[in-house]
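Engineer: Please find one structure pasted underneath; my questions will follow.
The values are calculated or read from the model by the stated rules, or taken from the named source; none is laboratory data. Source: prediction; values computed, not measured. In this analysis, Cβ positions are derived from the backbone assuming ideal geometry, glycine residues included, and neighbour counts consider all displayed protein chains.
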Amino acid sequence: MGIGMIALIVLLVIAAGLLLVILYVIGTYNVFVGLRNQVDNAWSQIDVQLKRRHDLIPNLVETCKGYMKHERGTFEAITNARAQAMGAKTVAEAGKAEGALGDALNKFMLVVENYPDLKANQNFLAVQEELSSTENKIAFSRQAYNDQTMFFNNRIQMFPSNIVAGIFSFTKRDFFEVSAAAEREVPKVSF
Amino acid sequence: MLMAVCLLGLGAVIGMAIRGPDGLMLGLMIATGIWVVLTLISFSSGDQILLAASNATAVTHDVHPQLFNVVEEMAIASGQPMPKVYIINDPAPNAFATGRNPKTASVAVTAGLLGRLNRDELQGVVAHEMSHILHRDILFVTLAGIMLGSVALLSQVFLRGMMYGGGSRRRFSSGGSKGGGGAAILLIIAIVVAILAPIMTQLLYFALSRRREYLADAGAVRLTRYPEGLASALEKIANDRAPQLASANKVTAPMFIVNPFKKAGQWNLSDLTSTHPPISERIRILRSMSQGASLKDYSDAFVNVTKSRTVMPASALTKEDIALRQASAEAKKEQREKQLHHVGDIMRKVNGFVFLACACGVTLKIPPNYSAATVECPRCHTEHNVKKT
């Protein structure tokens, strides 16, 4: 075995090592791109549900108008809140406005409790189901977005994939924080 | 994978018993061949046969808005496309999911279930089913079922061949270098393995199926963030007295949320041959989750309740900070009403009411100033004597 052979083997080993590293980098980059796209997709889902809520509110107002004849203030509050939410420009604005709209809707539903005829109306029940489902969907899409973000952030921050993330500048995403205080409560169980 | 070993091992042993050591490859090929054929049949026939056999009707948003919305919410929460939704025309409460991957998935719920559960509970059940789809359990169970079928088929064919062929088999061992004695031993081994293999693979199948149920429960909590929903749904299903689900059979049993063959009142048995873990245990695990809703929290609760090793794969045990949420408005109202009912009873007891239990299920609460000697039950009209303390 001459020096030449040894040199050749060493070269082959180095080449193989380099190949593995390159494959790893390619693979990790693709994973990051996939995860980032999922985060973006989840973000757009939230948007879809928020718009759905905007579209349901006129329907709600129409159904309730006949029964709640003297509740002009309540109707105005909710229509204004909706207009605010639809007109929001930045993400921060939208977050606040949507939270305010959620609160306005809750107050509206509290007023509805005083009208048992309305509560028994089939149309109202259908709209209420749609509204509460949309509220749930907003919550779940927010939840899904946060889950995806957490997944993404974990991957780009853990070693050794954070090196690859640094090279291709994948930055961590922010969580979508809740603005309405009521939703933050967590049940405390103590024994 | 253990089942694959069983299948191939069985094939190998049988092959060797028939043809001597040369038969090893042949046995393996035959076993694999059976497996491939059964796989093709299973995968091509698809979900349609299953659903047709279960008497299911398709659900769109207009047919049943609440169920459709609940499923849609879970689809959003899990990031999956929306599965097809079906209602099964049966009074027994149960639910199942089918579909090899999220794009071809369907979720079915019985009419009996829809009538008994509130929205949170229904959502817990749907989340459990969709977790099955998400974890590719259907694919897994199908593959395991095929494996089981292949093993059973192979061993059946071999054993029946033994019974009818009898002593003539000995003539086939001419290819080997061993004499008649070696072939006989191999034959005996083959017969024993052929009898044991189906039993072992059955037990493996059931153990795997049970483990998948726990994982689906954990996945459901992670999606809904509300373990009490699924827990009280399971409780309602377990206490149900409706007759057994008409369309279930042994093949479809593992895909239901609760074992459709368990009779009410027997749900404390933990059976090695059961496809589902005992409901009481599942409920206890779910109700002891107080820290958070992640998979790790379920795993901790599981270890606490069952005092055994966790069934979670290690990859799922990353620490995630997932907070539990409160009940929805409807469930809160139900809870409040139950509480008020309870409070009312306490007040009555304190104030000297007499409680009488009637055989028809009604509890008669008699005020202290009731002067007559007997009272009539409002439901079944039997007379009760009023005991005065």
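Engineer: Confirm whether B:His384 is farther than 27 Å from A:Asn136 by Cα, loosely packed, with under 11 Cβ neighbours inside 10 Å and either under 29 Å from the mean Cα position of the chain (by Cα) or more than 14 Å from every other protein chain (Cβ to nearest Cβ) (or both).
Structural biologist: Values: farther than 27 Å from A:Asn136 by Cα: yes; loosely packed, with under 11 Cβ neighbours inside 10 Å: no; either under 29 Å from the mean Cα position of the chain (by Cα) or more than 14 Å from every other protein chain (Cβ to nearest Cβ) (or both): yes.
When the stated conditions are applied, B:His384 does not pass them.
Engineer: Among (1) surrounded by fewer than 19 Cβ atoms within 10 Å (Cβ to Cβ); (2) touching a Phe, Trp or Tyr at 6+ places or on another chain (Cβ under 9 Å); (3) at pLDDT 80 or above, where does A:Phe151 come up short?
Structural biologist: Condition not satisfied by A:Phe151: (2).
Engineer: Is it the case that some residue within segment B:262-273 is buried (at least 23 other Cβ atoms within 10 Å of the Cβ) and either in the same structural domain as B:Val311 (by TED's automatic domain parsing) or at pLDDT 70 or above (or both)?
Structural biologist: Quick first cut of segment B:262-273, residues buried (at least 23 other Cβ atoms within 10 Å of the Cβ) only: none.
Looking through segment B:262-273, none of the residues is buried (at least 23 other Cβ atoms within 10 Å of the Cβ) and either in the same structural domain as B:Val311 (by TED's automatic domain parsing) or at pLDDT 70 or above (or both).
Engineer: For segment A:1-53, which positions are farther than 30 Å from A:Val127 by Cβ, under 15 Å from the mean Cα position of the chain (by Cα) and touching a residue at least 40 places away in the same chain (Cβ under 8 Å)? Break it down into steps so the answer makes sense when it comes.
Structural biologist: If we filter segment A:1-53 for residues that are farther than 30 Å from A:Val127 by Cβ, which is where we start, we get A:1-40.
Next cut, under 15 Å from the mean Cα position of the chain (by Cα) only: A:35-40.
Matches in segment A:1-53: A:Leu35, A:Arg36, A:Gln38, A:Val39.
Engineer: Hey, another quick one. What tally of residues in segment A:37-75 results from selecting those that are part of a helix (DSSP H, G or I), under 21 Å from A:Ser132 (Cα atoms) and not charged (D, E, K, R)? Show your work before the answer.
Structural biologist: First, pick out the residues of segment A:37-75 that are part of a helix (DSSP H, G or I): A:37-65, A:72-75.
From the residues that got through so far, the ones that are under 21 Å from A:Ser132 (Cα atoms) too are A:42-65, A:74-75.
Checking the rest, the ones that are also not charged (D, E, K, R) come to A:42-46, A:48-50, A:54, A:56-61, A:63-64, A:74-75.
Residues meeting the conditions: 19.
Engineer: Right, here's the next one. Check off (1) modelled with pLDDT of 75 or more; (2) within 23 Å of B:His276 (Cα to Cα) for B:Ala194 and give me the number that stays unchecked.
Structural biologist: Exception for B:Ala194: condition (2).
Engineer: Return yes when A:Lys107 is facing another protein chain (nearest Cβ under 9 Å) and at pLDDT 85 or above and no when it is not. Break it down stepwise before answering.
Structural biologist: Details: facing another protein chain (nearest Cβ under 9 Å): no; at pLDDT 85 or above: yes.
No, not satisfied.
Engineer: Hey, does segment A:150-173 have a residue that's under 25 Å from B:Leu223 (Cα atoms), away from every other protein chain (no Cβ under 14 Å) and not in a helix (DSSP H, G or I)?
Structural biologist: We begin by selecting, within segment A:150-173, every residue under 25 Å from B:Leu223 (Cα atoms); these are A:150-158, A:172-173.
The next check asks that each one be away from every other protein chain (no Cβ under 14 Å); those that pass are A:156, A:172-173.
Subset that is not in a helix (DSSP H, G or I): A:172-173.
Within segment A:150-173 (the criterion being under 25 Å from B:Leu223 (Cα atoms), away from every other protein chain (no Cβ under 14 Å) and not in a helix (DSSP H, G or I)), the answer is yes, since at least one residue qualifies.
Conditions tested, residue by residue: (1) under 14 Å from A:Arg53 (Cα atoms); (2) in contact with a Gly (Cβ under 8 Å, 6 or more places away or on another chain); (3) touching a residue at least 12 places away in the same chain (Cβ under 8 Å).
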| residue | (1), (2), (3) |
| --- | --- |
| A:Lys69 | no, no, no |
| A:Met86 | yes, no, yes |
| A:Lys96 | no, no, yes |
| A:Gly99 | yes, no, yes |
| A:Leu110 | no, no, no |
| A:Ala120 | no, no, no |
| A:Leu131 | yes, no, yes |
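Engineer: Against the definition (touching a strand residue (DSSP E or B) at 6+ places or on another chain (Cβ under 6 Å), buried (at least 23 other Cβ atoms within 10 Å of the Cβ) and either at pLDDT below 75 or within 19 Å of A:Phe140 (Cβ to Cβ) (or both)), how does B:His132 come out, yes or no?
Structural biologist: Considered against the rule, which asks whether it is touching a strand residue (DSSP E or B) at 6+ places or on another chain (Cβ under 6 Å), buried (at least 23 other Cβ atoms within 10 Å of the Cβ) and either at pLDDT below 75 or within 19 Å of A:Phe140 (Cβ to Cβ) (or both), B:His132 comes out as yes.
Engineer: What number of residues within segment A:119-148 are more than 12 Å from every other protein chain (Cβ to nearest Cβ) and farther than 21 Å from B:Ser328 by Cα?
Structural biologist: Filtering segment A:119-148 for residues more than 12 Å from every other protein chain (Cβ to nearest Cβ) gives A:119-121, A:123-124.
Restricting the remaining residues to those that are farther than 21 Å from B:Ser328 by Cα gives A:121, A:123.
Residues flagged as more than 12 Å from every other protein chain (Cβ to nearest Cβ) and farther than 21 Å from B:Ser328 by Cα within segment A:119-148 amount to 2.
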